[in-house]
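The structure appears right after this line, and notes come after that.
The values are calculated or read from the model by the stated rules, or taken from the named source; none is laboratory data. Note that the coordinates shown come from a computational prediction; the quantities given were computed from them, not determined experimentally. Heads up, the Cβs are rebuilt from the backbone with ideal geometry, glycines too, and the neighbour counts pull from every protein chain shown. In case anyone asks, the SASA skips ligands and DNA or RNA and just uses the protein heavy atoms, side chains included. Shrake-Rupley method; radii C 1.70, N 1.55, O 1.52, S 1.80 Å.
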Amino acid sequence: MNPTILRTSTADLYDAHVLKNYARPALTLVRGRGSLVWDDQGKQYLDFTSGIAVSALGHCHPYWVAAVQRQAGELIHTSNLFRNPNQGELARRLVGHAGPGRVFFCNSGAEANEGLIKLSRLHGLEKAGGVEGKCYKVICAKSAFHGRTFGAMSATPQEKIQKGFRPLVPGFAFAELNDLQSFAELVDDSTAAILIEPIQGESGINCATTEFLIGLRELCNRHNLLLMFDEVQTGVGRTGKFFGFQHAPIQPDAVSMAKGLGGGFPIGAVWIRENAADYFHPGSHGTTFGGTPLACAAGLAVLDVIEREKLLEKVTFNSVAWMAALQELVKDFPSQALAVRGRGYLVGLQLASDPGPYLAALREAGLLAPVAGGNVIRLVPPLTATPEELAKSIELIRGVLKTKA
Ligand SMILES: *Cc1c(COP(=O)(O)O)cnc(C)c1O
């Protein structure tokens, strides 16, 4: 097929038929392998977008492809009205990482967070002696991002996300990240839970400090609140530990995950600690597509590869030199690059101005990276990215900073 015709027609099809809720660059991707993707013109890119931290194993990892192909020929979907072996096994493996408890499978990050929010309501019900509507408040961070569904959006206090969709779901309050006092001040008899991201992804790669997380745990213990982590972006190895909260010596009550879990196959999950998991009983929650044999085969393949290829160790090790090289950029281009933040392969380079033109120049130079809030270029390579690929990203960013100096 003539690639020019293909591109024109894809652009035309999007122009004519796809909802205009994304501002996209004129780029059509057609093939991927490892950390690389190719567009319909045959141009190669280093893909440090990874489908927004989703393609944990890079593109088309042979082990993942084989597992998904095998399962697709065996059994794809059965609903949750029956058991399937893969769901049981993936639940066992996630409990092994998170701690004693149970897992609910769903299809996206927002849906996983809806599960957390519903859990908080059931905990509040228990706290209020079974009286509904008395204890339901969830305290979240200002500048949090929890998703686009109504509950998750209501927990996301950003004008650009909530605008036009009010009235929102009531029962959310917002405090300052890393300011324990501001969380403590919002706790009252109606409070059921605290929900935060260990590292805020969408709003600019802002890390919760260890002392803050320890303080939140103590606050929750004191007031019988659930401590719930949105690990949709930080989970499944992204920060060099399986979960982002594991950098702190604490144990949460519930965790949501999604993005990296399926390695590109849509899947979400909620882990809930023992006892709290018993708030749910038959009929109290559900989802048609959650935890299918195929989705769980994809998840199991991701966990297998993380173990077999020692990806947590590699992410931890490789990111040290990479972060140091990014810090060098901040030193060499102080008027353009202000700071580096993050952990493992979830890193943000904060610029002094709108990252848009920089990201366009990086695309031109052959690097794909997404934006995050606060003028931040987000770098989320696949967990399989090699030291050479990380170094290549530095070279490309340095080149762009130089031309724009
Ligand atoms: C992406 C993201 C979500 C939303 O996930 P979707 O799959 O897009 O619904 C929620 N929370 C965090 C921290 C995220 O990064």
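Contact order, relative form, for the range 253-405: 17 percent (alpha carbon pairs under 8 Å, 6 or more residues apart, mean separation divided by residue count). Taking every DSSP bridge with both residues inside the chain, close to 65 percent are antiparallel. Roughly how tilted is helix 387-403, in degrees to the nearest 10 and between 0 and 90, from the longest Cα axis of the chain? The angle comes out at about 70 degrees. Between the beta carbons of ASN221 and PHE150, assuming R0 = 35 Å, the FRET efficiency works out to 0.70 to the nearest 0.05.
Size estimate for the range 245-380 follows the Kirkwood approach: the inverse of mean 1/r over distinct Cα pairs works out to 18.1 Å. Once the Cα-Cα distance is subtracted from the 0.36 nm per residue extended length, the GLU307 to GLU364 segment shows a gain of 17.0 nm. Three semi-axes describe the equivalent ellipsoid of the range 28-124; taken as square roots of 5 times the Cα gyration tensor eigenvalues and ordered largest first, they are 32, 19, 13 Å. Which residues in the range 46-63 have a backbone N closer than 18 Å to a point placed 7 Å from the Cα of LEU29 along the Cα-to-Cβ line? Only 46-62 fall inside the zone, counting backbone N under 18 Å.
In this simple spin-label approximation, GLU126 and GLU388 carry label points 7 Å from Cα along the Cα→Cβ vector, and these lie 5.2 nm apart.
Compactness of the range 336-387 was expressed as the Cα radius of gyration divided by 2.2 N^0.38 Å, which yields 1.11. The residues of the range 64-308 expose on average 42 square angstrom of accessible surface per residue, using a 1.4 Å probe on protein heavy atoms. Per residue, the chain reaches -12000 deg cm²/dmol at 222 nm when only DSSP H runs of four or more residues are counted, each adding -39500 (n - 2.57). When the solvent-accessible area of the range 236-375 is split by element, carbon and sulfur atoms take up 56 percent of it, the probe being 1.4 Å. Between GLN251 and THR403, the contour length at 0.36 nm per residue exceeds the alpha carbon distance by 50.1 nm. Taking all protein chains together and rolling a 1.4 Å probe, GLU395 ends up with roughly 110 Å² accessible. Relative to a virtual label point 7 Å from the Cα of ALA11 in the Cα→beta-carbon direction, which members of the range 38-72 show backbone nitrogen distances below 19 Å? Under 19 Å, as judged by backbone N against the label point of ALA11, lie 38-45 of the range 38-72.
The alpha carbon centroids of the range 164-189 and the range 250-293 are separated by 24 Å. Restricting the calculation to Cα atoms, the chain yields a radius of gyration followed by a Dmax of 21.3, 67 Å. The range 114-143 and the range 40-94 have Cα centres lying 33 Å from one another. When the surface is traced with a 1.4 Å probe over the full set of protein chains, HIS77 keeps roughly 80 Å² accessible. Seen against the Cα atoms of the chain and their longest principal axis, helix 109-127 is set at about 20 degrees. Rolling a 1.4 Å probe over the protein heavy atoms of the range 49-147, with every protein chain left in place, gives an accessible area that is 57 percent carbon and sulfur. Cross-linked pairs LYS310/LYS404; LYS137/LYS259; LYS118/LYS259; LYS43/LYS160: Cα-Cα separations exceed 31 Å for LYS310/LYS404; LYS43/LYS160. Once you keep just the Cα pairs under 8 angstrom separated by 6 or more residues, what percentage relative contact order results for the range 64-308? Reported relative contact order: 30 percent.
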